[in-house]
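See structure below.
Rule-based calculations on the coordinates, nothing more; no lab input. Bear in mind that the values here come from a model prediction, so they are computed numbers and not experimental data. With ideal geometry, Cβ positions are generated from the backbone for all residues, glycine too; neighbour counts draw on all protein chains shown.
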Amino acid sequence: MHLHKYEKYWLSAGIVGLIAFLLILAFGAFYLGTHPQSHGDVIDPDNIEANEAFLPENLGLTKVDEKRYVLNVVATAFNYNLGTDEDGQPVTHLEIPAGSKVLVQATSPDVVHGLNIAGTNVNMMVEPGYVSSMEVELNNPGEYTLVCNEYCGVGHHLMFGTVEVVE
Ligand code: CUA
């Protein structure tokens, strides 16, 4: 078989490119440990309280150490359950000191939701049957919107809250 000179060049470029992309992928997956956010952490969507993170009293923001917080969220159609305040009212606004590390853990008992804190790295899918989690460091003071960015039904636009990073 005769291959034209330019055909060989382009073929080689394609093969080199393919190998480079596979190496980059392998580097990310095996060396940097980059995995899907859920880590395959499963949960029974009909009994999310079996996981203590999603017991009613553990929902919302909890301080675990100096500048370390855990934020447990149950995303349901059509609300984010962030726990209740001292008066028993649902929490819709969170305040976190700048420079804090926050471990966000979320799940859904019904349909797929999104969990995005716009302007930060927090942008997760929240799927029934899985625990989505990620840790972020919030360094920039300001008010951020917590919003569902996966269309989940007629009340999709009602799923939001605010996160304030304070000095
Ligand atoms: Cu929940 Cu859109």
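Please find, within the range 47-92, the residue that is nearest to the ligand (Cβ to nearest atom) out of those that are touching a Leu at 6+ places or on another chain (Cβ under 9 Å) and of a type in the set (Phe, Trp, Tyr). It comes out as 78. Scanning the range 115-127 finds no residues that are in contact with a Cys (Cβ under 9 Å, 6 or more places away or on another chain), within 21 Å of residue 53 (Cα to Cα) and of a type in the set (D, E, K, R). It is to be established whether one or more residues within the range 94-105 are over 16 Å from the mean Cα position of the chain (by Cα), surrounded by fewer than 19 Cβ atoms within 10 Å (Cβ to Cβ), farther than 26 Å from residue 40 by Cβ and within 16 Å of the ligand (Cβ to nearest atom). Among the residues of the range 94-105, not one is over 16 Å from the mean Cα position of the chain (by Cα), surrounded by fewer than 19 Cβ atoms within 10 Å (Cβ to Cβ), farther than 26 Å from residue 40 by Cβ and within 16 Å of the ligand (Cβ to nearest atom), which makes the answer no. For the range 120-150, the candidate set comprises residues that are closer than 21 Å to residue 46 by Cα and of a type in the set (Ser, Thr, Tyr); within that set, the residue that is farthest from the ligand (Cβ to nearest atom) is 133. Looking at residue 114, is it more than 16 Å from the ligand (Cβ to nearest atom) and farther than 19 Å from residue 68 by Cα? No; evaluated as a whole, the condition is false for this residue.
Tell me, yes or no, whether the range 15-31 has at least one residue that is touching a Ser or Thr at 6+ places or on another chain (Cβ under 6 Å) and in contact (Cβ under 8 Å) with a residue 60 or more places away in the chain.
Within the range 15-31, none of the residues are touching a Ser or Thr at 6+ places or on another chain (Cβ under 6 Å) and in contact (Cβ under 8 Å) with a residue 60 or more places away in the chain.
The set of residues in the range 34-56 being more than 20 Å from the chain's Cα centre (by Cα) and free of Cβ contacts under 8 Å to residues at least 12 places away in the same chain consists of 47, 50. With respect to the conditions (1) buried (at least 18 other Cβ atoms within 10 Å of the Cβ); (2) in a strand (DSSP E or B); (3) more than 11 Å from the chain's Cα centre (by Cα), residue 152 falls short on a single one, namely (2). Among the conditions (1) touching a residue at least 24 places away in the same chain (Cβ under 8 Å); (2) touching a strand residue (DSSP E or B) at 6+ places or on another chain (Cβ under 9 Å), the only one that residue 63 does not satisfy is (1). Among the residues making up the range 141-155, those that are in contact (Cβ under 8 Å) with a residue 24 or more places away in the chain and closer than 16 Å to residue 116 by Cα are 144, 145, 146, 147, 148, 149, 150, 152. Could you please let me know if residue 143 is among the acidic types (Asp, Glu), assigned to a strand (DSSP E or B) and under 15 Å from residue 60 (Cα atoms)? Taking the combined requirement at face value, the residue does not satisfy it. The residue that is surrounded by the fewest Cβ atoms within 10 Å (Cβ to Cβ), counting only those in the range 1-33 that are of a type in the set (Gly, Ala, Ser) and within 34 Å of the chain's Cα centre (by Cα), is 33. Of everything in the range 41-91 that is of a type in the set (S, T, N, Q) and within 17 Å of residue 136 (Cβ to Cβ), the residue that is surrounded by the fewest Cβ atoms within 10 Å (Cβ to Cβ) is 62.
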